[in-house]
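Structure first, commentary second.
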Amino acid sequence: MTPDLNAFWMPFTANRQFKANPRILASAQGMYYQDQNAREILDGTAGLWCVNAGHGRKTIATAVQQQLETLDYAPTFQMGHPGPFELAQRLTHITPADLNAIFFTNSGSEAVDSALKIAIAYHRAKGDASRTRLIGRERGYHGTGFGGISVGGIASNRKAFGPLLSGVDHLPHTHNLEHNAYSKGQPEWGAHLADDLERIVTLHDPSTIAAVIVEPVAGSTGVLIPPKGYLEKLRSICDRYGILLIFDEVITGFGRLGTAFAADYFNVVPDLMCVAKGITNGCVPMGAVFAKESIYNTFMQGPETAIELFHGYTYSGHPIACAAALATLEIYQNEQLFEKAAAIAPYWQDAIQSLKGISSIIDIRTIGLIAGIELASIPGSPGARAYQALVTCFEQDLLIRTTGDIIALSPPLIIEKPHIDRLVDRLATVLATL
Ligand SMILES: Cc1ncc(COP(=O)(O)O)c(C=O)c1O
């Protein structure tokens with residue numbers, strides 16, 4: 001039975017359009033959702049880039065239930081409980097380099113706002129209080145907090161919300177169909193776009209800049225893959241001027257590229273990293289900031305009785321989220337899911353790239369277990385073609401995600417070749433009709 005749909009104000013949704021013709025997911029197992037009539041719908045998006053280990057994982061459910069029965073809630077302000085200590089320690093086995101100080105949040109948005117605050121407070125703790133400026137990137141998506149939309153670069157997410165944070169600048173985005181259309185993996189063209197950071201640094205003076213934040217692979221804007229050498233350049237410019245580099249790995253974290261993090265895949269280590277989503281396989285809200293030990297240590301200088309960072313959430317390190325995350329990490333390790341993702345990624349990418357030639361498609365971008373398929377916009381109706389694709393795919397048992405006229409795909413890492421064949425086949429049929 002479909003409940004009354006009125007009262008729930010849906011996020012990032014055309015409420016009236018949806019409620020007139022709802023798409024309700026009622027249950028899920030493995031690679032599939034089921035609707036209320038038990039129709040199976042192939043999950044091409046791991047929910048919302050988060051169910052990396054596939055749906056309905058029993059060991060996570062058991063861990064959550066046991067935790068609920070043992071300790072339902074405990075604060076982490078001036079108190080502790082085992083979960084976040086154990087989880088943070090466990091995460092340090094997979095964090096890149098020395099990003100071993102872990103601050104827990106409840107979402108990616110909170111992780112981003114926490115990282116931005118930590119960056120500014122870090123410089124202040126070092127005696128560099130003039131470093132407050134934050135640099136994001138056009139088309140960047142960093143969640144929906146005021147910090148995140150300020151450094152983010154998607155106009156529709158910003159324009160309704162006033163002047164946002166002051167002291168924010170943006171790098172240019174790296175999207176360019178003329179040079180990079182149909183690139184598989186990292187495009188050849190575009191590393192020079194990172195040089196714009198030099199211009200921004202010169203404009204404001206390095207002594208005013210706290211941090212640069214980017215998604216290593218931009219997801220929500222429609223899958224923009226960093227050009228070869230681009231992230232390395234950002235890293236070296238940040239190093240030159242004492243600016244912190246923050247990677248927002250909310251979608252790339254936990255195996256999406258076939259490595260634990262995009263930092264591993266691209267071999268570029270940030271100073272701070274934001275994660276969420278896959279940390280609990282999406283089943284309990286949780287996010288985190290991974291900070292370099294040296295950043296943490298900078299805060300540990302004053303009197304031992306003083307709170308070092310006046311920041312946190314009632315649910316930072318929530319027992320249930322920690323239990324879910326620990327069980328999730330166990331699955332990733334026991335089933336070697338990151339390695340599996342790496343192994344199947346070439347098949348995935350070839351299969352998606354085979355859609356080239358369908359007349360509505362103007363670009364296909366693939367990396368790891370991600371794909372972006374850009375459609376030609378219908379003149380005067382941007383987004384309409386991709387929305388139609390979403391609706392038709394759903395009717396034909398396939399869940400995709402769209403942003404503007406771009407289809408973004410990010411299946412669970414447990415995907416196998418027959419699922420990929422089925423997904424691509426459905427997509428080809430639907431796209432050919434648009
Ligand atoms: C790169 C990135 N950062 C931040 C977020 C925000 O995460 P949340 O929706 O959990 O707040 C997202 C969500 O998709 C994301 O893709």
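The values are calculated or read from the model by the stated rules, or taken from the named source; none is laboratory data. Because the structure is predicted, anything quoted here is derived from the model rather than measured. Using ideal geometry, Cβ is built from the backbone for each residue, glycine included, and neighbour counts are taken over all protein chains shown.
Selection over segment 361-417 of residues that are crowded, with 19+ Cβ neighbours inside 10 Å and assigned to a loop (DSSP other than H, G, I, E, B) gives a count of 10.
Return the only residue of A28, A20 being away from the ligand (no atom under 16 Å from the Cβ) and free of Cβ contacts under 8 Å to residues at least 24 places away in the same chain.
Only one candidate passes the filter, namely A20.
Before we move on, is P285 within 19 Å of T144 (Cβ to Cβ), assigned by TED's automatic domain parsing to the domain that holds I209, within 16 Å of the ligand (Cβ to nearest atom) and part of a loop (DSSP other than H, G, I, E, B)? In short, yes.
Per-residue answers, yes or no, for (1) buried (at least 22 other Cβ atoms within 10 Å of the Cβ); (2) more than 16 Å from the ligand (Cβ to nearest atom); (3) not in a helix (DSSP H, G or I):
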residue	(1), (2), (3)
Q186	no, yes, yes
A194	yes, yes, no
A210	yes, yes, yes
T221	yes, no, yes
P227	yes, yes, yes
V250	yes, no, yes
R256	yes, no, yes
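Can F290 be described as in contact with a helix residue (DSSP H, G or I) (Cβ under 7 Å, 6 or more places away or on another chain), at pLDDT 95 or above and not in a loop (DSSP other than H, G, I, E, B)? So F290 fails the test. Among the residues of segment 148-163, which ones are in a loop (DSSP other than H, G, I, E, B) and loosely packed, with under 14 Cβ neighbours inside 10 Å? Across segment 148-163, the qualifying residues are K159, A160, F161, G162, P163.
Of the residues examined, L99 is not one that is over 19 Å from I213 (Cβ atoms) and either assigned by TED's automatic domain parsing to the domain that holds A288 or within 16 Å of the ligand (Cβ to nearest atom) (or both). Scanning segment 227-264 for residues that are in contact with an Asp or Glu (Cβ under 8 Å, 6 or more places away or on another chain), over 14 Å from T95 (Cα atoms) and of a type in the set (S, T, Y) yields a total of 0.
For the condition among the small types (G, A, S), surrounded by 15 or more Cβ atoms within 10 Å (Cβ to Cβ) and assigned by TED's automatic domain parsing to the domain that holds I406, G357 does not qualify. I want to confirm something. Restricting to segment 258-282 and keeping residues that are assigned to a loop (DSSP other than H, G, I, E, B) and more than 18 Å from A53 (Cβ to Cβ), which single residue is nearest to the ligand (Cβ to nearest atom)? The selected residue is P270.
Looking only at segment 305-324, decide whether some residue is within 16 Å of the ligand (Cβ to nearest atom), in a helix (DSSP H, G or I) and of a type in the set (A, V, I, L, M, F, W, C).
Within segment 305-324, one or more residues are within 16 Å of the ligand (Cβ to nearest atom), in a helix (DSSP H, G or I) and of a type in the set (A, V, I, L, M, F, W, C).
Considering L177, L193, L171, L197, the condition of being farther than 27 Å from D363 by Cα and assigned by TED's automatic domain parsing to the domain that holds A288 is satisfied by L197 alone. Based on what the data block shows, is A63 on the phi > 0 side of the Ramachandran plot and hydrophobic (A, V, I, L, M, F, W, C)? It is false that A63 is on the phi > 0 side of the Ramachandran plot and hydrophobic (A, V, I, L, M, F, W, C). Taking the stated definitions as given, is D397 outside the structural domain of A260 (by TED's automatic domain parsing), at pLDDT 95 or above and either over 18 Å from G47 (Cβ atoms) or hydrophobic (A, V, I, L, M, F, W, C) (or both)? So D397 fails the test.
Within the option set A38, A28, being exposed (fewer than 14 other Cβ atoms within 10 Å of the Cβ) and under 14 Å from D397 (Cβ atoms) holds for one residue only, A38. Total residues in segment 107-139 satisfying the condition of being under 15 Å from I246 (Cα atoms) and either among the acidic types (D, E) or within 8 Å of the ligand (Cβ to nearest atom) (or both): the figure is 6. Scanning segment 325-343 for residues that are among the acidic types (D, E) and in a loop (DSSP other than H, G, I, E, B) yields one hit, E335.
Would you be able to say whether some residue in segment 36-46 is closer than 22 Å to N334 by Cβ and not in a helix (DSSP H, G or I)? Give the derivation first.
Filtering segment 36-46 for residues closer than 22 Å to N334 by Cβ gives 43, 46.
Then keep just the ones that are not in a helix (DSSP H, G or I); that gives 43.
Yes, segment 36-46 has at least one match.
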